[in-house]
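Reading through the structure tokens given below for one structure.
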Amino acid sequence: VQLQASGGGLVQAGGSLRLSCTITEGTFTRYRFGWFRQAPGKEREFVAAIWSGGSPIYADSVKGRSTISRSVAEKKVYLQLSSLKADDTAVYYCGASTAVVSAIRSPSMYYYWGQGTLVTVSS
């Protein structure tokens with residue numbers, strides 16, 4: 001599976017951004033897809049995940065102001081971020097996993113990663 005993240009950029013606090021993850025190889029519906037982020041000096045942390053037949057899940061830090069979605073036809077996974085804060089500044093990564101749902105928040109359960117896209121929120 002190959003993934004490519006895009007859509008990052010510089011945005012003012014309170015603004016919105018939509019990140020995209022394009023899956024160029026592999027059977028799209030086989031995988032659970034997650035968005036993670038990593039700020040400088042910090043560990044990679046879970047943001048949101050989505051998969052066939054289940055409801056999306058979110059980290060508490062973004063719940064209520066983010067939406068993960070997917071397009072099977074386009075083989076894309078999206079992350080809409082709203083009401084952005086300075087704390088949201090990070091490199092955002094999309095990943096693909098076949099792990100069970102109970103483990104889907106752990107980055108170690110993801111076998112495939114995109115290259116990351118930088119989101120910078122200015123205050």
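The values are calculated or read from the model by the stated rules, or taken from the named source; none is laboratory data. Not measured: the values here are computed from a predicted model. So basically every Cβ, Gly included, is an ideal-geometry build from the backbone, and we count neighbours across all protein chains shown. The area values use the complete protein model at the heavy-atom level, side chains included, leaving out ligands, DNA and RNA. Shrake-Rupley method; radii C 1.70, N 1.55, O 1.52, S 1.80 Å.
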Notebook entry, point to check: Of all accessible surface on the chain at a 1.4 Å probe, what whole percent is carbon and sulfur?
Noted result: 47
Check: Taking the Cβ of Tyr31 as the center, what net charge do the other residues with Cβ under 12 Å away carry, scoring Lys and Arg +1 and Asp and Glu -1?
Finding: +3
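Compute the signed sum of charges (Lys and Arg +1, Asp and Glu -1) over the other residues within less than 12 Å, Cβ to Cβ, of Tyr110.
Numbers: positive: Arg32, Arg44, Arg105; negative: none.
Once positives and negatives cancel, what remains is +3.
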Check: Over the Cα atoms of the stretch 1-48, how large are the radius of gyration and the largest Cα-Cα distance (Dmax), in Å?
Finding: 13.1, 37
Next item on the list: Compute the length gained on full extension between Lys63 and Thr22: take 0.36 nm times their separation in residues and subtract their Cα-Cα distance, giving the result in nm to one decimal.
Entry: 12.4 nm
Note to self: List residues of the stretch 17-31, by number, whose backbone nitrogen lies under 20 Å from a label position 7 Å along Cα→C-beta of Gln4.
What the structure shows: 18-29
Check: If R0 is 30 Å, what FRET efficiency do you get for Tyr111 and Lys85 from their C-beta distance, rounded to 0.05?
Finding: 0.45
Next item on the list: Find the relative contact order for the stretch 46-119 and round it to a whole percent, using C-alpha pairs within less than 8 Å whose residues are 6+ positions apart.
Entry: 25
Note to self: So, for the stretch 34-123, what is the accessible surface per residue at a probe of 1.4 Å, expressed in square angstrom?
What the structure shows: 49
Note to self: Only four residue types carry charge here, +1 at the Cβ of Lys and Arg and -1 at the Cβ of Asp and Glu. Report the dipole size of the chain about the Cα centre in Debye, rounded to the nearest 20.
What the structure shows: 180
Next item on the list: Working with all protein chains in place, sort Phe46, Phe36 by solvent-accessible area computed with a 1.4 Å probe, largest first.
Entry: Phe46, Phe36
